[in-house]
Amino acid sequence: MPRARKQDQWNYICGEKGANRVRVFVHPTGKLFAEYRRDGRKIRQSLGHTDRQLAKQEADELAVTLRQPERHEAILLGQLFDNYLREVTPTKARTSQYHDRATIEWFRRVFGAMRRADELTFRDAARYEIERRRAGDLRLRPKPGTNPALATQHPLRSRTIAYDLRLLKSILIWGVGAGLLARNPLTGYKVTDDGTPRRPVFTETQYRALLETAAAFPWQFRCLLVLAHETGHRLGAILSLQWRDVDLSAGRLTWRGEADKIGYEHVTPMTDTARRAIEDARRRAPGIGDAPVMPGSKERAKPVGTDLARDWLQRAQVRAKVPPEPGRGWHAFRRNFASELRHVGLRDLCDLGGWKDPTTVVKCYQRPSEDAMRAALAGRRVLEG
C-alpha cells in the first residue's frame, strides 16, 4: 500500500470551529480522510478515494449537514401523556397509578392537550401552582369526631404540588429518553415553599392512651400499633408482613423489597414487645408461607387494608381524647422512631427503620430535641492544642 510522503501535508478545512468544522487531510496510507465532531465525539473516517477536489466538495456538504440542528418531531402534551399512561403507569403501584391518572387530568386542564410539550416554560409551571392552590384539596374530609356530613375542603400544601410537578418532570425526562423530546423544558424549576412542613409525632403518653383503647377495635389494631411503634416502618410495609417474613426463633423480621415503598429489602431484629405482639397474632390467626400476619376480617388471604387502618387510628385518637393535629397519622410513629433513636449511629438507624439515605432521616424525620441539645452541650470537650 503506498505511503504518503512526509512533505505531503495537504488538508482542507471548512465550517465554524465548535459548530460544524470539517477537516479533510491526507492519511499516512495515502488516502483522504475526513475529521469532524458529532454529539461531542470526534469522528475520523476514510473517504475511500484520493480525489482532492471531490474531498473538498464532500467536506462542504458535510459541514452544511452538521450545521442543521437535529430535529425532533414536535409531540403534543396530550400525546406524551397518553404514551406515558400506556407504557409507564401500569408498572407502578396501585396508589401511584391513581395519582398519575388524576394528576395528568389536571395537567391537561391547565396546560391544554394540544400544547407542544417542548414549549412548556417556568411560567406554565407557576400557573399550575396557582391553579392547584386555588382549587385546594378536592377530597372532602371531616374533622376527627365530627359528623361526616360536615366534611370540609382543605387547602393544598406545597409538598402535594411538588409531588405533582415531580410527576410532570418525570414524564418529560421519560419523553427525552424515548426520543420524543429534545430536552426537558422544566429542568431547574422548584415549587414555592410555604414554610416548615408539619411533621407531628405521638408522645409516649398518647401512645399509651391509644393502646388502652385498642380493646374496642379488632385485635389487628393493637398488633399494628405495637409494630409501628417498635419497628418504625411504613404502614404499607407492616400490613404486607407475611408469616414467611417472621423468624420467631431468631427474633428477626424480613422486610421484602416488593412490599416496600422504595424497594429496599432488609432484615431487622425484633424487640421483646414486638415479638409478643406477633406471637399473639399467631395465636389468633395462625398461618404459614405467604399468609398475612394481620389478615382482614372478611378475606383472610389478604391483609388489613390501609384505609381501614387509617380509620381505626383516627377513631382511636378520638376515643383516647388525643388532641387532633393535622398530618398525624401512622407515619408519625416513623418520626417517633427516628427521633427517639437519635443516639444511634445513622448507618444502624437507617438499617433499623428501612431508610436508604441518611440525609432523609435527618432532614425529614428527626425532630429537634432540647434535652438532646443540653446533653450535647454538657458533654462538650475542650479543644486542646
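The values are calculated or read from the model by the stated rules, or taken from the named source; none is laboratory data. Owing to the predicted nature of the structure, the values given are computational and were not obtained by experimental measurement. Glycine gets a Cβ as well: all are built from the backbone with ideal geometry, and neighbour counts include every protein chain shown.
General remarks:
- Among all residues of the range 4-15, there is at least one that is of a type in the set (Phe, Trp, Tyr), over 25 Å from Leu181 (Cβ atoms) and modelled with pLDDT of 85 or more.
- Residue within the range 236-257 that is under 18 Å from Asp357 (Cα atoms) and in contact (Cβ under 8 Å) with a residue 60 or more places away in the chain present: yes
- Taking the listed residues Arg86, Arg101, Arg44, Arg123, the one that is at pLDDT 85 or above, outside the structural domain of Glu325 (by TED's automatic domain parsing), under 30 Å from Asn20 (Cα atoms) and not β-branched (Val, Ile, Thr) is Arg44, with no other qualifying.
- When residues of the range 80-100 are limited to those that are free of Cβ contacts under 8 Å to residues at least 60 places away in the same chain and under 18 Å from Met114 (Cα atoms), the one surrounded by the most Cβ atoms within 10 Å (Cβ to Cβ): Leu85
- Hits in the range 202-218 (condition: among the polar types (S, T, N, Q) and either outside any helix (DSSP H, G or I) or over 17 Å from Glu230 (Cα atoms) (or both)): Thr203, Thr213
- Checking the range 46-58 against the condition returns no match, with no residue being within 24 Å of the chain's Cα centre (by Cα), without any contact (Cβ under 8 Å) to a residue 40 or more places away in the chain, surrounded by fewer than 13 Cβ atoms within 10 Å (Cβ to Cβ) and not in a helix (DSSP H, G or I).
- Qualifying positions in the range 275-293 - part of a loop (DSSP other than H, G, I, E, B), surrounded by 14 or more Cβ atoms within 10 Å (Cβ to Cβ) and within 31 Å of the chain's Cα centre (by Cα): Ala291, Val293
- For the range 249-259, the set of residues classified as more than 14 Å from Cys223 (Cβ to Cβ) and either surrounded by 18 or more Cβ atoms within 10 Å (Cβ to Cβ) or over 25 Å from the mean Cα position of the chain (by Cα) (or both) consists of Ser249, Ala250, Gly251, Arg252, Trp255, Ala259, listed by residue number.
- Residue in the range 244-261 that is in a helix (DSSP H, G or I), in contact with a helix residue (DSSP H, G or I) (Cβ under 8 Å, 6 or more places away or on another chain), more than 24 Å from Thr203 (Cα to Cα) and assigned by TED's automatic domain parsing to the domain that holds Ser297 present: yes
- Test: residue in the range 365-382 that is surrounded by 13 or more Cβ atoms within 10 Å (Cβ to Cβ) and of a type in the set (Val, Ile, Thr): no
- Qualifying residue in the range 136-155 (condition: in contact with an Asp or Glu (Cβ under 9 Å, 6 or more places away or on another chain), at pLDDT 90 or above and surrounded by 12 or more Cβ atoms within 10 Å (Cβ to Cβ)): no
- Among the helices (runs of 4 or more DSSP H) confined to the range 299-370, the ones with at least 1 residues that are more than 19 Å from Lys261 (Cβ to Cβ) and in contact (Cβ under 8 Å) with a residue 40 or more places away in the chain are located at 306-319, 331-340.
- Within the range 27-42, the set of residues being without any contact (Cβ under 8 Å) to a residue 24 or more places away in the chain and over 54 Å from the mean Cα position of the chain (by Cα) comprises Lys31 only.
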